[in-house]
Every structure is written in structure tokens, then in C-alpha cells.
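In what follows, a structure is listed as C-alpha cells, so that the remarks can point back to it.
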Amino acid sequence: MFPVYGSAVLFGLYVLFKFIDKSLLSTLFNVYFSFLGLLCLMGLLEDIIHPYLPTLRKVNLFKIDYNFPALKFAGLDKIQFDFNQLNLLSLAISLVPTIYYFMTKNWITNNIFGIAFSISGIQSIILPDFKIGFILLWGLFFYDIFWVYGTDVMVTVAKSLDAPIKLLFPLDLTSVPPKFSMLGLGDIVIPGIFVALCLKFDIDRSLLKDKLI
């Protein structure tokens, strides 16, 4: 159902940009994606730093427990939030490109967030088997054909949405405004999760082979 949900969201954004003030939407999405980019960049940095400074994760600065009895049916009645030294270090580093991107929309910081989004997406989306992955890729193949080449929806949303949802590659930085080619993050994440499934299959098969030997 991912292509169906994606189509609904994409067309919804297209309608919003047609009928609502673009500057207001741009500001809202800018704040949202900057915050989301901060979280993704923090997670990426923590994975990089942790092997070198493993003790930082063991030192909690504060820990808070939230109880929501009304959400017990969904398994969300108890939420625990803790903040350790590794979180603090990654937050301090991540704030620099986040603030710089929010103020300037620089293409380099845009790509930093785009890479962080892509890695986080590949890590968080897990395909259950190759059959589902095969159906997903075929569904998105026709999704791309329709929304990119059959209509102006995809291009309009990508150009209107001033957010790190694409990687930018400079063609001419001297022109006003500078010219860039772009690559949507979906073209990275969707094939990436299938490649991740292939990698997992190879690793599992290798481990099973070693165990049999």
C-alpha cells in the first residue's frame, strides 16, 4: 500500500501549494524538516561516535517516565525518555548545521540532512521478505511513471517544497539563482531498503553456513 499512501500524500501537498500561501507552507515545512533533520543527524552521529566513546551512553543526565493510562490499549501507556552524554554531544554537533541550514538553505547542509534522512529511512523500514519488496518496487515503478512523467505533480511539489527532501548537485553556482540538478530521497531510500534486505539475506546465509560447518 506504500505507493497508494505516497500518492495521497503527494497529491495532498500539490493541492496545498495550489491553494495556500506558499511562504506560510514553506516556513512550516522548514521548521518541521529542520527539527526532523536534527533528530536524524543526531542518530547518525551517535552511531558513529559510540564505538569510540562507548562510556558516554552509560551516563544519564536525566531520565523521565510518562504514564498515559488512556493509551494502554495501544501499548503506549508508559513512555520513558532519557538523555545521556552521547545524546548531548551529538545534539551539540548537530545544532551547527541545523541552524546554518535554517538560516541560509545552503545546498551542502541540505545534502547533509538528505543523507541523514536516507540512512534513517533505510534503517527504520524493514521488508519482511523478497516478495513484498518485489511488489513494492514494481508499484513504485508505475508510481514514478505516473506522477513524474504523466503529470506535473511531482516536479511542482519538489520545486515548491523548500526542504531537504532531495539531494542537490550544483550545475552552475555563478548564475542567479544558482542552477542545480536534484535527486529525490525516494530514489535512494526505496532501492536502499531492498538492497539492505539482500545484505541481510547474504549475512544470514553466511552465518548459517558457518554454523553447519
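The values are calculated or read from the model by the stated rules, or taken from the named source; none is laboratory data. Keep in mind the model is a prediction, meaning the values are calculated, not measured. Cβ atoms come from the backbone with ideal geometry, glycine included; neighbour counts cover every protein chain shown.
From the list A163, A74, the one residue that fits, being crowded, with 18+ Cβ neighbours inside 10 Å and modelled with pLDDT under 85, is A163.
For every residue, the table says whether it meets (1) closer than 26 Å to K18 by Cβ; (2) of a type outside the set (A, V, I, L, M, F, W, C).
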{"residue": "S90", "(1), (2)": "no, yes"}
{"residue": "Y101", "(1), (2)": "no, yes"}
{"residue": "T109", "(1), (2)": "no, yes"}
{"residue": "I112", "(1), (2)": "no, no"}
{"residue": "S120", "(1), (2)": "no, yes"}
{"residue": "F130", "(1), (2)": "no, no"}
{"residue": "F146", "(1), (2)": "yes, no"}
{"residue": "T151", "(1), (2)": "yes, yes"}
{"residue": "P177", "(1), (2)": "yes, yes"}
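Within segment 78-122, being in contact with an Asp or Glu (Cβ under 9 Å, 6 or more places away or on another chain), surrounded by fewer than 19 Cβ atoms within 10 Å (Cβ to Cβ) and in a helix (DSSP H, G or I) holds for N87, L89, I119.
Looking at segment 43-58, which of the residues that are in a helix (DSSP H, G or I), within 25 Å of the chain's Cα centre (by Cα) and not charged (D, E, K, R) is farthest from F83 (Cα to Cα)? Reasoning before the result, please.
First, pick out the residues of segment 43-58 that are in a helix (DSSP H, G or I): 43-49, 54-58.
Now restrict to residues that are within 25 Å of the chain's Cα centre (by Cα): 43-49, 57.
Retained after the next criterion (residues that are not charged (D, E, K, R)): 43-45, 48-49.
Values: G43: 13, L44: 16, L45: 15, I48: 18, I49: 16 Å.
Ranking the candidates gives I48 first.
If you check T98, T104 for being at negative phi and in contact with a Ser or Thr (Cβ under 8 Å, 6 or more places away or on another chain), only one passes: T98.
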